[in-house]
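Remarks on the structure that follows.
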Amino acid sequence: MFTRQELDRYFASYVGMEGGNPGAAVWICDRSPAWSEPIVAPLHPHLAPPAWDAVFRQQHRQDMAKWFGHQCVARIMAAARAEALGVRLGDNDWEHYYWGHLYSPAGAEFRLSLFPLPAHVDGRTTWSKAFRGQPELIPQKRYVALCREGERFRFIARTCERWRPKVVICLSHRHTDEYIEAFSLDGVAGEEHALRPADQARRLHLFTRGDTTWIICPAIGGSAGMTSQVQLDAFGKFIGARLAASDFRHCLELETHEPATRPQRQPEPHRERYAVPPVAVAEREIGHRIRPGLAWSEAAMTGNCETYA
């Protein structure tokens, strides 16, 4: 059983973040991650940001074909890159960007989450069952209060102030109040912008303080979210207008990267970041889950992204 102080110190770090380059011009923020690592003693805060480096890409090459929401983010960033560089957006640029550059250690974006644990453990296990024996995490609203009132939100605010990204993309209007609280945007005047790439408009809410603009946008996926290739490309172009060519100096040219084919058989369970542990391990290591995702499909190829990143 962990004390409130132990959990507060652990959460005040890069735990639960996809990562990338915190010094990048673009930050992409979601409310909660789609995965979590085992919560086991001793708790060690993650003081260095994770990233999709060469080792990560090699280890998870087969899995990356299923990470549908991240493919949508790659579409946005590929369009932003083309706009910032003043070049034509190629039909396959998003694929090359995804396989070679998204969330890379020296890349153009950094992916973070307001909260360190997934909001839903899985489709069958309740929150109270998943974290039984941890009174500081039950009920879920107690955990949420710990992050908002404790060091998690303060860590995010300090990190943003340190790196000062040009653009912070905040996914989903549903969580506007939490984004405003986490980034200390109370009192900052906002403005509305309608993104109209086709017949359906998507509402954006912008806040600017200093050299940073926060853009609260629809979620990726869902009937009211950004789902089509046209919408994602238009949003990327909107972001790219706020960036410079130097923000993409690591990928002035996009190399061809072939998507991985699905393996014939799944590997045996192990304790790496995205694997499902054996039952005996899962019972000891609370909070472990596999990343959800869809297989590489026609929808992924055409950009009809209907799952969350």
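The values are calculated or read from the model by the stated rules, or taken from the named source; none is laboratory data. Note that this is a predicted model, so its numbers are computed, not measured. Note: ideal-geometry Cβ built from the backbone for every residue, glycine included; neighbour counts use all protein chains shown.
Tabulated data for the structure shown
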quantity: Qualifying residue in segment 225-241 (condition: hydrophobic (A, V, I, L, M, F, W, C) and farther than 27 Å from Ser104 by Cα); calculated: no
quantity: Qualifying residue in segment 47-59 (condition: part of a helix (DSSP H, G or I), touching a strand residue (DSSP E or B) at 6+ places or on another chain (Cβ under 9 Å) and surrounded by 15 or more Cβ atoms within 10 Å (Cβ to Cβ)); calculated: no
quantity: Top-ranked residue in segment 99-133 [being surrounded by fewer than 18 Cβ atoms within 10 Å (Cβ to Cβ) and of a type in the set (Val, Ile, Thr); ranked as modelled with the lowest pLDDT]; calculated: Thr125
quantity: Test result for Arg88, outside any helix (DSSP H, G or I), surrounded by fewer than 24 Cβ atoms within 10 Å (Cβ to Cβ), more than 15 Å from the chain's Cα centre (by Cα) and not aliphatic (A, V, I, L, M); calculated: yes
quantity: Filtered residues of segment 72-85 (kept if charged (D, E, K, R) and buried (at least 24 other Cβ atoms within 10 Å of the Cβ)); calculated: Arg75, Arg81
quantity: Set Gly86, Gly23, Gly19, Gly69: member being closer than 25 Å to Pro165 by Cα and in contact with a strand residue (DSSP E or B) (Cβ under 6 Å, 6 or more places away or on another chain); calculated: Gly69
quantity: Residues within segment 8-26 that are of a type in the set (D, E, K, R) and in contact with a Gly (Cβ under 7 Å, 6 or more places away or on another chain), tallied; calculated: 1
quantity: Checking Ala34 against (1) under 15 Å from the mean Cα position of the chain (by Cα); (2) not in a loop (DSSP other than H, G, I, E, B), the condition it does not meet; calculated: (2)
quantity: Scan of segment 91-126 for residues that are over 18 Å from Trp27 (Cα atoms) and assigned to a loop (DSSP other than H, G, I, E, B), ordered by number; calculated: Asp91, Asn92, Leu117, Pro118, Ala119, His120, Val121, Asp122, Gly123, Arg124, Thr125, Thr126
quantity: Residue selected from segment 235-262 under the condition surrounded by 16 or more Cβ atoms within 10 Å (Cβ to Cβ) and among the aliphatic types (A, V, I, L, M), by the criterion modelled with the lowest pLDDT; calculated: Ala260
quantity: Some residue of segment 196-213 being touching a strand residue (DSSP E or B) at 6+ places or on another chain (Cβ under 7 Å), assigned to a loop (DSSP other than H, G, I, E, B) and among the hydrophobic types (A, V, I, L, M, F, W, C); calculated: yes
quantity: Filter result (modelled with pLDDT of 95 or more and either closer than 12 Å to Leu185 by Cβ or touching a helix residue (DSSP H, G or I) at 6+ places or on another chain (Cβ under 6 Å) (or both)) within segment 198-209; calculated: His205, Leu206, Phe207, Thr208, Arg209
